[in-house]
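Quick notes on the structure that follows.
The values are calculated or read from the model by the stated rules, or taken from the named source; none is laboratory data. Just so it is clear, the structure is predicted and the values come from calculations on it, not from any experiment. Cβ atoms come from the backbone with ideal geometry, glycine included; neighbour counts cover every protein chain shown. Accessible surface is based on the protein model in full, side chains and every heavy atom, while ligands, DNA and RNA are left aside. Shrake-Rupley method; radii C 1.70, N 1.55, O 1.52, S 1.80 Å.
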Amino acid sequence: MEEQLLRPKGNVLPVGTSCSTPVVLSTCVVMCGSLAYGFAVGYSSPAQSSIMADLGLSIADYSAFGAILTLGGSIGSLVSGTIADMVGRRVTMWIMDLCFIVGWLSIIFATSVWWLDIGRFIMGVGAGLLFYVAPIYIAEISPKSIRGGCTAALAFMVYFGFSLMFLIGNFLTWRTLAIVGIIPSLVQLLGIFFIPESPRWLAKIGQIKEAEASLQYLRGKNVDISLETAEIKDNVESLAHLPRSRYLDMFNLKYAHSLIVGLGVMILVQSGGTDAISSFASSIFKKAGCSVSFATTTMGFIQLPFAAMGIFLLDAAGRRPVLMVASAGTCLGNFLVGVGFLCKDYDQMSQISATLVLIGILGFGIFYSMGVGGATSTIVSEIFPMNIKGSAGSLAIVCNWFTSWIVTYAFNFLFAWSPSGVFFMFTFFSGLMIPFVAKIVPETKGRTLEEIQASMTLLN
């Protein structure tokens, strides 16, 4: 039986490096969710002045509105792994879309800050589900040779949505902008009906024939999937001999390496200030004396080609070098912004303040979109074994969202206290990512999920 499984059947092709049409279609559908999140993150900055004026919000009110997305994300990520393991990846994405749709509708018809906060919180719950299920689904359906690029494409769509909101936010009212924000979720809601379930999830719940059918559809009808199928089956059988997985199992010493890597990159990436910069870019540029419309438009345009570059870099150069180089770039960007605001305090150097801040923010955006965002989400989607993937993956995303909430909510208060000081803090945490990756994070390029997870478990 095992020999028949491993033997190619008829005139079939081995699994190659090409990306099949079903994988492309599935990735595009999942990318709609990333676009929806990009719209949600990019919305708060261009809409800030008009919402505050129309609804009479204070800085504290709007800070809460900007930050509550991350609080909702923390709640959503807490249950994301459990939901995805119970009902599957596709149904989880469907629930996620409903959260985004209901959230945007609440904002569109908002007459007070409460409706704004409720809507953004519900969207945050959907985003928490997205951050877990989207990269996990892509990692589980993609061939190993292009897995990094497919996962990085999700990050690209976040930047695309973020940039598009910045661009069109200069011309649309905040309610019209919210209507635009709802479109990707509606598209994905329909698209989910045309993509297959993850073969690895199907195998995990014992639906072996359905898993093989899903994998064959994803790879192509003339592609030999026997080796990949055997590897998935072996992994599922090895997990079946383990005791029933409990939430606390992820704290077992043998999973320590995976857990440290997953939690570490998620905490550090948010401590570097990415969501705070994205949410309040307009305030930062205004404080520095930059033209807000010019700066935000430039920021929107400049990130896209570098985010597209990141799709290819992860599989060409590897996760570790891309993440270390990109982290060094974000560190330098934050440092330049800090120096720029420091110069603003000195009359003889105030002229260069706006220039340094603009260069620093643009540099941060370039390097983050080129590698930090895509590399961290790719690594987290790859490192956890199937038996703890739900609990450990959820915990990693919770850490990401909770850190983001702290940083985003505190940003306006810290920024008012010391604009340079807050960016020097971001500089420290951005720089800390470099030795962390160099010492602890493994290279996952060109390896199957089963190989990665087995090697990290054996290391412990």
The extension gain from L227 to M86, computed as 0.36 nm times the residue separation minus the Cα-Cα distance, is 48.0 nm
Can you give me the distance in nm between label points at W114 and L25, each placed 7 Å from the Cα along the Cα-to-Cβ direction? 4.6 nm
May I ask for the angle, rounded to the nearest 10°, between helix 419-439 and the longest principal axis of the chain, with both axes built from Cα atoms and the value confined to 0 to 90°? 20 degrees
Taking Cα centroids, how far is segment 303-339 from segment 343-396 in Å? 8 Å
Using only Cα atoms and rounding to the nearest 10 degrees, what angle (0 to 90) does helix 174-191 make with the longest principal axis of the chain? 0 degrees
Using the basic label-point model (7 angstrom from Cα toward the beta carbon), what is the E237 to L253 distance in nanometres? 3.0 nm
Percent carbon-and-sulfur accessible area, segment 249-459, ignoring ligands, DNA and RNA, probe 1.4 Å: 74 percent
Segment 21-195, accessible area per residue, ligands and nucleic acids excluded (1.4 Å, Å²): 32 Å²
What whole-number value in cubic angstrom gives the convex hull volume per residue for the C-alpha atoms of the chain? 125 Å³
Dipole in debye (nearest 20) - the chain, about Cα centre, beta carbon charges: Lys, Arg +1; Asp, Glu -1: 140 debye
Between F312 and W94, take the C-beta separation as r, use R0 = 30 Å, and let me know the FRET efficiency to the nearest 0.05. 0.45
Calculate how steeply helix 319-343 sits against the longest principal axis of the alpha-carbon atoms of the chain, using the helix alpha-carbon long axis, and give the answer as 0 to 90 degrees to the nearest 10. 10 degrees
Pairs of lysine residues in the chain - Cα separation under 19 Å, sequence separation of 8 or more or cross-chain: 16
Carbon plus sulfur fraction of accessible area for segment 21-195, probe 1.4 Å, in percent: 80 percent
For segment 249-459, give the magnitude of the charge dipole about the Cα centre (Cβ charges: +1 Lys/Arg, -1 Asp/Glu; no others), in debye to the nearest 20. 80 debye
Note to self: C-alpha centroids of segment 211-241 and segment 105-170 sit apart, in Å, by 30 Å
Averaged per residue, what accessible surface does segment 346-460 expose to a 1.4 Å probe, in Å²? 37 Å²
Mind computing the radius of gyration and Dmax over the alpha-carbon atoms of segment 21-195? Å is fine for both. 15.9, 52
With all protein chains modelled, accessible area of L395 [1.4 Å, Å²]: 30 Å²
Would you pull out the residues with amide H under 5 Å of D224's amide H, same chain only if 5 or more places away, H placed 1.01 Å from N? L13, V15
Expressed to two decimals, segment 76-179 has a Cα Rg over Rh, using the Kirkwood radius, of 1.04
Report the accessible area of V223, computed with a 1.4 Å probe over the heavy atoms of all protein chains in place, in Å² rounded to the nearest 10. 30 Å²
Mind grabbing the accessible area of K344 for me, 1.4 Å probe, Å², rounded to tens? 80 Å²
Phi to ³J(HN,Hα) by Karplus 6.51 cos²θ - 1.76 cosθ + 1.60 over segment 21-34, Hz, x for Gly, Pro: 4, x, 5, 4, 4, 4, 5, 5, 5, 5, 4, 4, x, 5
